[in-house]
Structures are given as structure tokens and as C-alpha cells.
Amino acid sequence: MKILFVAAGSPATVFALAPLATAARNAGHQVFMAANADMMPVVVEAGLPGLPTTELPIRHFITTDRNGDPEAIPADPAGQALFTGRWFARMAAASLAGMLELTRHWRPDLVVGGTMSYVAPLLAAHLGVPHVRQAWDAIDADGIHPGADAELRPELAELGLERLPEPDLFIDICPPSLRPAHAAPAQMMRYIPANKQRRLEPWMYTRGKRRRVCVTSGSRVAKESYDKNYEFLRDLAGDLAAWDVELIVAAPEEVAAALRTELPDAGLRAGWIPLDVVATTCDLLVHHAGGVSTLTGLNAGVPQLLIPKGAVLETPARRIADYGAAITLLPGQDSAEGISAACQDLLAQPGYRKRAQELSTEISEMPRPASVVAALEELVSG
């Protein structure tokens, strides 16, 4: 069987799909993974054959409409969700012609796309093959998809459709206790961390005498004047550096170098680290509530301080806080004083770790990717 996995323009989208893609490849199927051209090194490092969908990076679609005019992010949460759907859809529209050309030479029997990899259902509809949607994380995208339907009207009209077709199979990796009541029926699958690796050093898998706090702002953070995630990461690291803790900052190397320059006295360990390894040694994770970072923390059973950077991240972050495994600070609550108080609470109260470890156990009991490959096989053979 030939299976095309379609990620998108950030490492996190590759990491999320890599475990199932690897399991399918290990089962003897021919697997390709498509993503934006600048993600090809990430795909290849995951051990998968890579195909570029578009030469344009993800930021192009976030900041620019189809006419090349600048786009502004709406202020209200509902508008932000629709905006997210629109820019992911623009990326799909830019990718479709190249993907159709690919299938003239290599025709998949099945297309598996991530949560907002909208070129996947478009391509599957053109080819008349099954489409599987695999959740990237625990984010509910119901408010995002309508924005994609609106943006993709020309592409949908060509197929005689008014909206993107529903997947033939939905694979969800959200722990059952955190799934919303209205969630669609799904084939559940265990979340497996698939972040980039590096040569391990002893400090990465051993604990020191001080409490360990890991801070991150995700894989797409950049040292640019317009990148608010960098400002968030820098300010957060600067505040926590004054504490009597071992501070680790997980960030791309160029961002880590900038942090070491701006915070020369902080004594922090900064750089691209294997988060799945380091998380198990931490007392606390503090981050932007990104889906992969959050699930890696839950998988490790570590309490988290979630500071959502974007309206679409707020609802899942609140669910984890409501469960008792984290504290979530929404906009207006994330002052230096608010962050400090939340960190102190998370480190002092054992209940947060207990609830986080309950979710870790729940994740470990979900079906492994290798067993889910059988569902893909049945979908095609059926």
C-alpha cells in the first residue's frame, strides 16, 4: 500500500504524524511525507522520505493573502480561529497543483493529513481515495475549519463541493479524559513524542540537587523583531533565572544563542534539547500551550504552567487546568507576578503532579500507532 502523509509548515506538524507514518513504514507499506520545503530536513531526520508541498514558508501564508496583500490577525477569539483556518487553507491552495503533479507519477492508495493539512482532503477528493485526518494535538479545530471552507471556495467548487469533505477516518491522540463531550467519533491512538534528537549528555537524563524547570515557546520561535514568542521566551527565562532552580530553555540554536547574549548572567541551559527525554526529569514545564509541548509534558506526567499564545490554544489549556494537572494563565493574567505565583503553587502542591501522572498513565494505555495501522489497511481494503 502507498500512503501519503501530509504535514505542514512547522516541525510540530511533522513530529505529530511521524509515529504513525513510521509504524506504517515498519509494517511494510511505502510511505512518503509531504510538507513545506523548509520542513524537509525535519522529515528526513524523522527517517521518512520527504516531498515538498510548496517552496513558501508558513509565515508567508500567515501574513499575506492570496493577492499578496498583508493580513492582520483579528483581536477576537472567534475571528482568530477563522483566520487560522484561512491561512492554513491558503497554504493548501498553494500546494495542491504540486501534489496533483506528484500523483501522476506516484499515486497513493490513502492520504493521511494532520488536523489542518487541508490539501490532504482536497487531494484525496481529486484522486478518489480515502482520506484520514490525524489530530496533531489536543486542540479542538471545530471553530477553525469553517475559515478553511470559506478560503477554499474556488478549489471546492472545482470538485462540486461547498465545504471540505469529512475524513473517512479520524484518529485522535487527545487523552480521553480531556476530550470535549461533543468530540467526533474517533480511532484513538497513543501520543508518542517524536521531537528531533541529538547526542545525549548526562544532565539531560539525570536530576541535580535543585528543582528543574523547563521553559519553551515551541519550535517556530525566531529571533525576529516581530516574533512575540521570542519576547515571551526571553522575559520568562529572565524572570525564572532569579529563582533557586535549574533552568532549561528548549529553543532552536539561533534563539538559544540570542538568549545567552541577552541574559549572560542567568546561568541557563539553552538550546535544542530532546524534550521527551528532559521532560521526565523536570519538576515543572512552563510554555506557550503549544500542542506538542503540552502533550509531551502530559506524557511525562509533569505539572505545567500553560500561558496560551493564541486564542485557539486557550480552550485545551483550560481543560488541562480544570483536570488539575496544570495552571493556565489567560491574557491579562500572565504578569510577572502571576507567573511567579503560579510556578510557586505548581512546585509546592503535590496534587498537580498526581493529576499529571494520572493523565500519563491514561496516555500509556491508548492504542499504539502500530495497532492503528490495521485500521488504515482496513479502510483501503474495504
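Observations on the structure shown:
- Positions within region 107-132 being within 12 Å of MET1 (Cβ to Cβ) and either open to solvent by 10 Å² or more (accessible area, probe 1.4 Å) or of a type in the set (Lys, Arg) (or both), in sequence order: ARG107, ASP109, VAL129, PRO130
- Of all residues in region 166-193, those satisfying the criterion of being of a type in the set (A, V, I, L, M), at pLDDT 90 or above and either under 16 Å from SER117 (Cβ atoms) or open to solvent by 50 Å² or more (accessible area, probe 1.4 Å) (or both) are LEU169, ILE171, ILE173, ILE192.
- When LEU161 is tested against the conditions (1) open to solvent by 10 Å² or more (accessible area, probe 1.4 Å); (2) more than 23 Å from ALA78 (Cβ to Cβ); (3) assigned to a loop (DSSP other than H, G, I, E, B); (4) touching a residue at least 40 places away in the same chain (Cβ under 8 Å), the lone failure is (4).
- Counting only residues that are small (Gly, Ala, Ser), surrounded by 15 or more Cβ atoms within 10 Å (Cβ to Cβ) and part of a helix (DSSP H, G or I), region 251-268 holds 2 of them.
- Any chance ARG104 is among the charged types (D, E, K, R), exposed (fewer than 14 other Cβ atoms within 10 Å of the Cβ) and part of a helix (DSSP H, G or I): yes
- The lone exception for GLY113 - which of (1) of a type outside the set (Ser, Thr, Tyr); (2) part of a helix (DSSP H, G or I); (3) under 17 Å from the mean Cα position of the chain (by Cα) it fails: (2)
- Listed by first and then second residue, the pairs linking a residue in region 21-40 that is over 15 Å from SER117 (Cα atoms) to a residue that is open to solvent by 60 Å² or more (accessible area, probe 1.4 Å) and assigned to a helix (DSSP H, G or I), with Cβ atoms under 6 Å apart and 6 or more places separating them unless they lie on different chains, are ALA23/ALA370; VAL31/ARG25.
- Of the helices (runs of 4 or more DSSP H) lying entirely inside region 269-382, the ones with 3 or more residues being in contact (Cβ under 8 Å) with a residue 40 or more places away in the chain and open to solvent by less than 10 Å² (accessible area, probe 1.4 Å) are found at 291-300, 350-364, 369-381.
The values are calculated or read from the model by the stated rules, or taken from the named source; none is laboratory data. From a predicted model like this one, the values you see are computed outputs, not experimental measurements. Virtual Cβ from ideal backbone geometry, glycine too; neighbours counted across all protein chains shown. Ligands, DNA and RNA are stripped out before the accessible areas are found, and what is left, the full protein with its side chains, is counted by its heavy atoms. Shrake-Rupley method; radii C 1.70, N 1.55, O 1.52, S 1.80 Å.
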